[in-house]
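Take a look at the structure below.
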Amino acid sequence: MDDLTENQGEKATMIVEESGLDMDIAPESCLLEGMADPCTIVILGASGDLTVRKVIPALYMLFKNKGLSKDFLVVGCARTELGDDGFRDKMRAAINEDESVDNSSWQEFASHLYYRSIIYDDLSTFKDLKISLDELDKTYKTGGNRIFYLAIPPTLYSSTAQMLGKVGLSKEKEGVWSRIVVEKPFGRDLDTAVELDRTIHEYFKEHQIFRIDHYLAKETVQNILMFRFSNAIFEPVWNRRYIDHVSITTAESLGVEHRAGYYEQAGVLRDMFQNHMMQILALTAMEPPSLFEADRVRDEKVKVYRSLRPFPVDRLQDYLVLGQYGAGAIDGKRVPAYRDEPGVSPDSLIPTFAMLKVYLDNWRWQGVPFYLTSGKRLKRKLTEIAIQFKEVPHSMFRQTLGEHISANRLILGIYPDERITLTFQTKNPGAKVCLRSVTMDFHYDQSYEGPEFDAYEKVLLDCMLGDHMLFWRQDGVELCWSFLTPILQECETCGERREMLMPYEAGSEGPHAVKKLMADSW
Ligand code: NDP
């Protein structure tokens, strides 16, 4: 885990230069791809955590930044009886703390919010919803365009999609669209993912389905492709000849919080690896698509998933470390062990940490290990991709400096440090031959002061624009489940399940066993 701790050496200054091309483009023109169509966003599960914390704040910010059509509506649906005013008050109270909310724009935004109660297994409530939506369309000129956002427990995805279809809400006609947004997790293994897709497809066509992975919409994740394929100098060395290994890390300092019910069923492999980690892996390892267009990009990602070497489930300990956090301290504050968190079973065997060593069997990456690491309650919050280059093939300084010279390292910081750093060797000033590591450091927001879109704002906007670039395609989902399902089966059924789960202290860098797993590459 030295990705989390290593001092990157001295900092070198970096001057950001605008290219001639960049200077011709006003920053605002980079903000919006196009104007969203008038539409109604129907949020199912509108009384829940995701709606309150992510979806409504994102819609409000889009509204404030003029990213929405003036003819938009948000209709919240859930079992709870709330009413339009109750829904508006609940949403306002929930984002009250946010200093970017101002009263007058909120009042204007709130006048577009409506609420309809719904019972998920009662078709008549869906018929009522359709009648309501049709009436609202007439009043608000939303053109009949609709997004159905499933912010409900995953067990309800299939039946809810079918209810929407049965009452005719999935139907499209010339110039009028209907789209469905499905949150993660998309299935809990290969079979359930295939079945979920089959049921959604009974009423929705592929172009109507948006399988969300908000990680893909983070600016710095989108930047991976820009960085790799808009610069000529990195691609020639982006392969097995020059790269020793790649570490992709998503560390959280938070624990399971209030989501124990979900997490006890999921664990870290389903929660982080099947989706976010696999997407970052694909962006790091994929070949350049011929065009930056949704299906061409997704075709290349799928090729990466096809190259994944099947995981040696008979030798799990050589390729996988699983851990579960014990009690400890984060930022000086004592925090409980996972098993003592509310809603968690006292003898839970659910992993909160995993490191996987994976290989891609293709020309570019043969023999290069990719270490994928994710965990909760780690020392600090951090998402990054570390490209560790090979050492120089021959040290001409070996008489004075020995055989080993620290190899170059490129870090693409995704979060919270949105930056790119490149570490290299220079001569230390003085008469003696000495080297020092220095780091070129680019901060992503350097020389940019305009507004930015948060990940949920971007995915909602793209869904309104009908752009699938940042959404999963079903073949990718299935290939990733095909890779992970045997690992999950082995981990969840093998006799050594208890022994495989390494304890680690909250606030630490994870289980000690990760060092052994990485030893070959250091
Ligand atoms: P919640 O547990 O908060 O549930 C959402 C809503 O669904 C509730 O408000 C409730 O509304 C309804 N609901 C809950 N349980 C049931 C049930 N058994 N039967 C019928 N309705 C039920 O979920 P979240 O908002 O946290 O998550 C929603 C979806 O988004 C999930 O699939 C989750 O995996 C996914 N997700 C969530 C994230 C988050 O940060 N919260 C992040 C990424 C994905 P009511 O009782 O009023 O009907």
- So is G187 in contact with a helix residue (DSSP H, G or I) (Cβ under 9 Å, 6 or more places away or on another chain) and crowded, with 21+ Cβ neighbours inside 10 Å or not? yes
- Scanning the stretch 275-295 for residues that are surrounded by fewer than 15 Cβ atoms within 10 Å (Cβ to Cβ) and under 20 Å from L190 (Cα atoms) gives none
- Determine which member of the set K205, K218 is within 16 Å of the ligand (Cβ to nearest atom) and closer than 25 Å to Y157 by Cβ. K218
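Condition check ((1) in contact with a Phe, Trp or Tyr (Cβ under 6 Å, 6 or more places away or on another chain); (2) open to solvent by 60 Å² or more (accessible area, probe 1.4 Å); (3) under 12 Å from A251 (Cβ atoms); (4) not polar (S, T, N, Q)) across all residues:
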position: K379; (1), (2), (3), (4): no, yes, yes, yes
position: I385; (1), (2), (3), (4): no, no, no, yes
position: T400; (1), (2), (3), (4): no, yes, no, no
position: I411; (1), (2), (3), (4): no, no, no, yes
position: P416; (1), (2), (3), (4): no, yes, yes, yes
- Query: Taking the stretch 310-360 as the region of interest, how many residues are open to solvent by 20 Å² or more (accessible area, probe 1.4 Å), part of a loop (DSSP other than H, G, I, E, B) and polar (S, T, N, Q)?
  - Reply: 1
- Message: Cβ contacts < 7 Å: first residue more than 21 Å from L196 (Cβ to Cβ) and in a loop (DSSP other than H, G, I, E, B), restricted to the stretch 157-179; second residue of a type in the set (K, R) and open to solvent by 20 Å² or more (accessible area, probe 1.4 Å), any location; separation 6+ or different chain. Result?
- Response: G168/K130
- Note on the structure: In the stretch 109-124, anything open to solvent by 60 Å² or more (accessible area, probe 1.4 Å) and near the ligand (Cβ under 10 Å from one of its atoms) is listed as I119, D121
- Query: Looking at this structure, is K64 away from the ligand (no atom under 16 Å from the Cβ) and open to solvent by 20 Å² or more (accessible area, probe 1.4 Å)?
  - Reply: yes
- Check whether at least one residue in the stretch 361-370 is open to solvent by less than 30 Å² (accessible area, probe 1.4 Å) and among the small types (G, A, S), and report yes or no. no
- Select, from V194, V221, the only residue that is farther than 23 Å from L461 by Cβ and either open to solvent by less than 10 Å² (accessible area, probe 1.4 Å) or at pLDDT 95 or above (or both). V194
- If you go through the stretch 255-295 one residue at a time, how many are more than 14 Å from the chain's Cα centre (by Cα), of a type in the set (A, V, I, L, M), within 16 Å of the ligand (Cβ to nearest atom) and not in a loop (DSSP other than H, G, I, E, B)? 2
- Determine which member of the set K90, K127 is over 29 Å from the mean Cα position of the chain (by Cα), surrounded by 12 or more Cβ atoms within 10 Å (Cβ to Cβ) and over 22 Å from K70 (Cα atoms). K127
- If we keep only residues of the stretch 35-49 that are open to solvent by 40 Å² or more (accessible area, probe 1.4 Å) and within 12 Å of the ligand (Cβ to nearest atom), then the residue farthest from L164 (Cα to Cα) is D49
- Sole residue being touching a Cys at 6+ places or on another chain (Cβ under 6 Å) and either open to solvent by less than 60 Å² (accessible area, probe 1.4 Å) or away from the ligand (no atom under 16 Å from the Cβ) (or both), chosen from F210, F234, F227, F148: F210
- Message: Going through L517, L461, L484, L488 one at a time, which residue ends up being open to solvent by less than 20 Å² (accessible area, probe 1.4 Å), part of a helix (DSSP H, G or I), out of contact with any Lys or Arg (no Cβ under 9 Å at 6 or more places or on another chain) and among the aliphatic types (A, V, I, L, M)?
- Response: L461
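The values are calculated or read from the model by the stated rules, or taken from the named source; none is laboratory data. This structure is a prediction, so every number in the text was calculated from the model and none was measured. Cβ sites come from the backbone with ideal geometry, for glycine too, and all protein chains shown count toward neighbours. SASA here: full protein model, heavy atoms, side chains in, ligands and nucleic acids out. Shrake-Rupley method; radii C 1.70, N 1.55, O 1.52, S 1.80 Å.
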